[in-house]
Amino acid sequence: MPTILTHAIAGAAIAQVLAPCSRRHEVTWIAVVCAMLPDADSIGFRLGVHYGDLLGHRGLTHSFLFAGVVAVGVAAGLWNKAKAGELLQTLVCIFMATISHALLDACTNGGMGVALLAPFNKTRYFFPFTPIKVSPLSAEAFLTQRGVSVLASEMAWVWCPSIAVMVTARWVRCRQTPELT
């Protein structure tokens with residue numbers, strides 16, 4: 001898995017592209033949290049849940065179903081605050097931010113794969129191209145050469161493209177046009 005910070009950066013980039021302009025700031029923060037949310041399953045390690053179980057790491061919380069439920073929940077929470085078009089944009093944005101976590105995990109070179117189709121299919125998937133080095137699960141491991149290598153991989157494959165997307169989206173989208181008088 002990429003680091004939690006990398007998932008957050010990807011979520012922010014997605015929000016810059018997809019969030020409704022009138023709610024971009026608010027939806028960006030929600031997208032950042034939702035992009036990190038699937039790793040809440042790692043608490044299962046402490047509770048004795050096995051990695052390969054449905055509720056294990058990279059299991060149900062890394063599925064399309066989970067991303068859809070999260071997106072619907074967020075949109076429902078904004079029901080009285082947003083217009084219909086904004087709700088649909090927010091739903092798509094939050095779905096993409098949440099599922100981006102699983103898609104990035106499927107691009108890593110380690111672990112057991114990602115249960116994208118859970119709970120309907122237990123198969124765990126990797127993409128054929130896995131350039132992102134898998135992150136160690138312990139904080140101490142980041143103080144080693146491996147930790148540096150993982151962060152360098154994430155910077156090249158996620159951070160730099162995400163920052164480019166964010167800058168471009170901020171420059172292109174949601175610009176106020178001056179009114180003609």
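The values are calculated or read from the model by the stated rules, or taken from the named source; none is laboratory data. Values in this document were obtained by computation on a predicted structure and should not be read as measured data. Glycine gets a Cβ as well: all are built from the backbone with ideal geometry, and neighbour counts include every protein chain shown.
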Task: Residue within region 134-143 that is touching a strand residue (DSSP E or B) at 6+ places or on another chain (Cβ under 8 Å), at pLDDT 95 or above and in a loop (DSSP other than H, G, I, E, B) present - done: no
Open item on the list: Going residue by residue through region 9-27, is there one that turns out to be under 30 Å from ARG146 (Cβ atoms), out of contact with any Lys or Arg (no Cβ under 8 Å at 6 or more places or on another chain) and not in a helix (DSSP H, G or I)?
Closed with: no
Open item on the list: I'm trying to understand the selection: among the residues of region 13-35, which are among the aliphatic types (A, V, I, L, M) and surrounded by fewer than 19 Cβ atoms within 10 Å (Cβ to Cβ)?
Closed with: VAL17, VAL33
Task: Meets criteria (under 30 Å from GLU86 (Cβ atoms), loosely packed, with under 14 Cβ neighbours inside 10 Å and aromatic (Phe, Trp, Tyr)) for TRP171 - done: yes
Open item on the list: Which of the numbered conditions does HIS57 fail, given that it passes all the others? Conditions: (1) assigned to a helix (DSSP H, G or I); (2) out of contact with any Pro (no Cβ under 7 Å at 6 or more places or on another chain); (3) crowded, with 20+ Cβ neighbours inside 10 Å.
Closed with: (1)
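Right, LYS122: part of a loop (DSSP other than H, G, I, E, B), surrounded by 12 or more Cβ atoms within 10 Å (Cβ to Cβ) and of a type in the set (D, E, K, R) or not?
Here the answer is yes, as LYS122 does meet what is asked.
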TODO: Determine, yes or no, whether PHE95 is among the aromatic types (Phe, Trp, Tyr), outside any loop (DSSP other than H, G, I, E, B), within 17 Å of the chain's Cα centre (by Cα) and under 17 Å from HIS7 (Cα atoms).
DONE: yes
TODO: Please indicate, with yes or no, whether at least one residue in region 83-91 is at pLDDT 95 or above, within 15 Å of GLU26 (Cα to Cα) and either surrounded by fewer than 19 Cβ atoms within 10 Å (Cβ to Cβ) or of a type outside the set (S, T, N, Q) (or both).
DONE: yes
Open item on the list: If the requirement is being among the β-branched types (Val, Ile, Thr) and under 20 Å from ILE9 (Cβ atoms), which of these qualifies: THR123, THR108?
Closed with: THR108
Open item on the list: Regarding region 20-38, can at least one residue be identified that is among the β-branched types (Val, Ile, Thr) and in contact with an Asp or Glu (Cβ under 8 Å, 6 or more places away or on another chain)?
Closed with: no
TODO: Pull up region 62-77, narrow it to residues that are buried (at least 19 other Cβ atoms within 10 Å of the Cβ) and within 18 Å of THR28 (Cβ to Cβ), then point me to the one that is nearest to the chain's Cα centre (by Cα).
DONE: ALA67
- [ ] Could you list all residues from region 1-15 that are more than 14 Å from SER153 (Cα to Cα), in contact with a Ser or Thr (Cβ under 7 Å, 6 or more places away or on another chain) and not β-branched (Val, Ile, Thr)?
- [x] ALA10, GLY11, ALA12, ALA13, ALA15
Open item on the list: Please verify whether THR130 is modelled with pLDDT of 90 or more and either in a loop (DSSP other than H, G, I, E, B) or surrounded by 11 or more Cβ atoms within 10 Å (Cβ to Cβ) (or both), treating the condition exactly as stated.
Closed with: yes
